[in-house]
Amino acid sequence: MRRILALCFSLTLLAALCPPAGAVSTSASSAVLMDATSGRVLLDEDMHAPRPIASITKLMTALVAVEDCPDLSQVVEVSGAWLEGVEGSSIYLKEGEQVTLETLLYGLLLQSGNDAAQVIAGWVAGDQEKFAQRMNEKAQELGMTNTHFVNPSGLTEEKHYSSAYDMALLACACLDNPVVAGICATQTIAMEGHTFVNHNKLLWLEEDCVGMKTGYTEAAGRTLVSAATRGDQTLVCVTLNDPDDWDDHQALLEYGFETYPATQLCQQGSAVGSSAVGGSLNPTVSLVAQADAWYPVAEGEQLEMQLDVFSPLVAPIPQGTQLGTARWLLDGELVAEVPLLAGENVTNDQWQPSWLQRWWMGLWGKKWETTVPGMGLI
């Protein structure tokens, strides 16, 4: 049995330092702006519609390759079979060339090399079809429900598509992978006779930008996934078929940071409340947060905090014992939760006499019969 300590006071969390920006829109067929930590969608323009996505596909190619083959120093010998049918952007790999997986990944994400994509797929999985299967498995794992991959490069094929929302989920997963995130954030690099310059102009245009990936085909139009970090907040922006993507992404990211700043709900180790305890001299125990919690909150929005505490709480309770969960709701919907721990040791009241006290009581023929704290005798 659990009891809800409904703290029906509302935490009015105001973004008082920055006046909210006006509503924004884009030139895109689909767009989404997402807070990377919480997953909150800050802007939605037909974000679930499946569309061709072009080379932003390569974010999934990189993520699968790094997860399946984490040793990037491995040397790959380029097979001619893996280069068959390559068209579009290239890093000009040649049959028989030996190159590390790391170099291929930089060529994939900075230079958008379609040949690098096909070589990675062939080396990791044996061929493109098997690699595409791994991409789809990863997409399913990430909750990308409007996505299907056919190739590792993003070249146009009928059954190769995704949505702006799904690509934002993928971008968040890439940001959580330090290798992929680090490559995406690189402006230029020279490796093994290759020099790569990142096609993502936002790395130069937007001070807070930390990557991610550009794309273009005639069928998909201009596609772009970007991410930016300001203070403790990271935002992800995705546009599909957007002729004005550079300006749109800069405007969206600024809108997100100004209108929905990350607000700290609790701090790790700090008390967020207390609860009654039975069988102890201490009538309550403090409830401390096991971790930090943040959520993007616009001016005027109110979050309600609820403490869901195990019941009954009876001493003894060691410090650090999980006692329940703190939850925050926005308009009745759960937006954040953190486990609650005992902030201190809580001992029971079963006082036991010391050996000296027992010796003294033995001299007087007294019997200690009480469990009431103190020295009272009956």
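Any idea what the relative contact order of the chain is, in percent, if you count C-alpha pairs under 8 Å spaced at least 6 apart? Can you show the working numbers first?
On the way: 849 pairs, mean separation 76.7, N = 378.
Taking the mean separation of contacting Cα pairs over the length of the chain, I get 20 percent.
Run the dipole for region 30-260 about the Cα centre, Lys and Arg Cβ at +1, Asp and Glu Cβ at -1, nothing else charged, and hand back the magnitude in debye, nearest 20.
200
Name the long-range amide H neighbours of Leu43: under 5 Å, sequence gap of 5 or more, or other chain; modelled H, no Pro or chain starts.
Those qualifying (amide H under 5 Å, at least 5 residues apart or on another chain) are Leu33.
Highest first, please rank the peptides 321-333, 214-226 by the mean number of other Cβ atoms sitting within 10 Å of their residues.
214-226, 321-333
Indicate, rounded to the nearest 5 percent, the antiparallel portion of the DSSP beta bridges found entirely in region 30-260.
Taking every DSSP beta bridge with both residues in region 30-260, the antiparallel ones total about 100 percent.
Once the dipole of the chain is set up with Lys and Arg at +1 and Asp and Glu at -1 on Cβ about the Cα centre, which of Ala271, Leu323, Thr347 lies farthest towards its positive end?
Looking along the dipole axis, the top candidate is Thr347.
Just going by the charge dipole of region 30-260, with Lys and Arg at +1 and Asp and Glu at -1 on Cβ, which of Ala81, Val180, Asn241 is farthest out on the positive end?
Ala81
Using modelled backbone amide H atoms (1.01 Å from N, in-plane), which distant-in-sequence or interchain residues come within less than 5 Å of Leu323's amide H?
Excluding prolines and chain starts, which carry no amide H, the hits are Leu340, Leu341, Ala342.
Determine, from the Cβ-Cβ distance of Ala298 and Asn177 and an R0 of 25 Å, the FRET efficiency 1/(1 + (r/R0)^6), rounded to the nearest 0.05.
Working: r = 30 Å, r/R0 = 1.19.
FRET efficiency, Ala298 to Asn177: 0.25.
Of the listed peptides 237-247, 202-212, what is their order by residue-averaged count of other C-beta atoms within 10 Å, with the highest listed first? Provide the component values of the computation, followed by the final result.
On the way: 237-247: 23.2, 202-212: 18.8.
The peptides rank, most packed first, as 237-247, 202-212.
Counting other Cβ atoms within 10 Å, keep those with at most 16, restrict to DSSP loop, and tell me which trypsin sites (Lys or Arg not before Pro) in region 93-139 are left. Write out the running numbers ahead of the final one.
Numbers: sites: Lys94, Lys130, Arg134, Lys138; in loops: Lys94.
Of the trypsin sites (Lys or Arg not before Pro), the ones in loops of region 93-139 whose Cβ has at most 16 other Cβ atoms within 10 Å are Lys94.
How many nm separate the modelled label positions at Thr284 and Glu137, each set 7 Å beyond the Cα in the direction of the Cβ?
Inter-label distance under the simple model: 5.2 nm.
Convert each backbone phi in region 298-305 into a coupling constant with the Karplus relation 6.51 cos²θ - 1.76 cosθ + 1.60 (shift: θ = phi - 60°), then list the ³J(HN,Hα) values in order as whole Hz, x for Gly and Pro.
7, 4, x, 6, 10, 9, 9, 9
Could you tell me the calculated FRET efficiency between Arg230 and Gln187, based on Cβ-Cβ distance and R0 = 22 angstrom, to the nearest 0.05?
Plugging the Cβ-Cβ distance into 1/(1 + (r/R0)^6) gives 0.70.
Per-residue ellipticity at 222 nm for the chain, helices alone: DSSP H runs ≥ 4 residues times -39500 (n - 2.57), over residue total, nearest 500 deg cm²/dmol?
About -7500 deg cm²/dmol.
Quick check on region 79-229: take the gyration tensor over C-alpha atoms, sort the square-rooted eigenvalues as a ≥ b ≥ c, and tell me if it's rounded (a/c under 1.5), prolate or oblate.
Oblate, because a/c is 1.5 or more while a/b does not exceed b/c.
Neighbour counts of other C-beta atoms within 10 Å: give me His48, His148 arranged from fewest to most.
His48, His148
Sort 289-300, 116-127 by the packing proxy (mean of other Cβ within 10 Å over each peptide's residues), most packed first.
Highest mean packing first, the order is 116-127, 289-300.
Length gain on complete extension for the stretch Asp127 to Asp71, per 0.36 nm per residue less the alpha carbon to alpha carbon distance?
Extending this stretch completely gives an extra 18.2 nm.
Classify the chain from the C-alpha gyration tensor, please: rounded if a/c falls under 1.5, else prolate or oblate depending on whether a/b exceeds b/c.
Cα axes put the chain in the prolate bin.
Using the Cα centre of region 30-260 as origin and beta-carbon charges of +1 (Lys, Arg) and -1 (Asp, Glu), tell me which of Gly215, Ser112, Met47 is placed farthest towards the positive end of the dipole.
My answer, from the dipole projection, is Ser112.
Over region 250-319, with a single point scatterer placed on each C-alpha, what log10 of the ratio I(q)/I(0) does the Debye formula yield at q = 0.22, 0.23 1/Å?
Once normalised to I(0) and log-transformed, intensities are -0.99, -1.04.
Can you give the charge dipole size of region 147-209 about its Cα centre, rounded to the nearest 20 debye, using +1 on the beta carbon of Lys and Arg and -1 on the beta carbon of Asp and Glu?
Here the size comes out at about 120 debye.
Between Glu333 and Gln268, with labels modelled 7 Å along Cα→Cβ, what's the label distance in nm to one decimal, could you check?
Roughly 2.8 nm, to one decimal.
Can you compute 3J(HN,Hα) from phi for each residue in region 112-128, using the Karplus curve 6.51 cos²θ - 1.76 cosθ + 1.60 with θ = phi - 60°, rounded to whole Hz and x for Gly and Pro?
So the J values, rounded to whole Hz, are 6, x, 5, 5, 4, 4, 5, 5, 4, 4, x, 6, 6, 10, x, 7, 5.
Quick note: the coordinates plus some simple rules give every number you see, no bench work behind them. Note that the structure is predicted; figures quoted are calculated from it, not measured. Every residue, glycine as well, gets a Cβ built from its backbone with ideal geometry; the counts of neighbours run over all protein chains shown.
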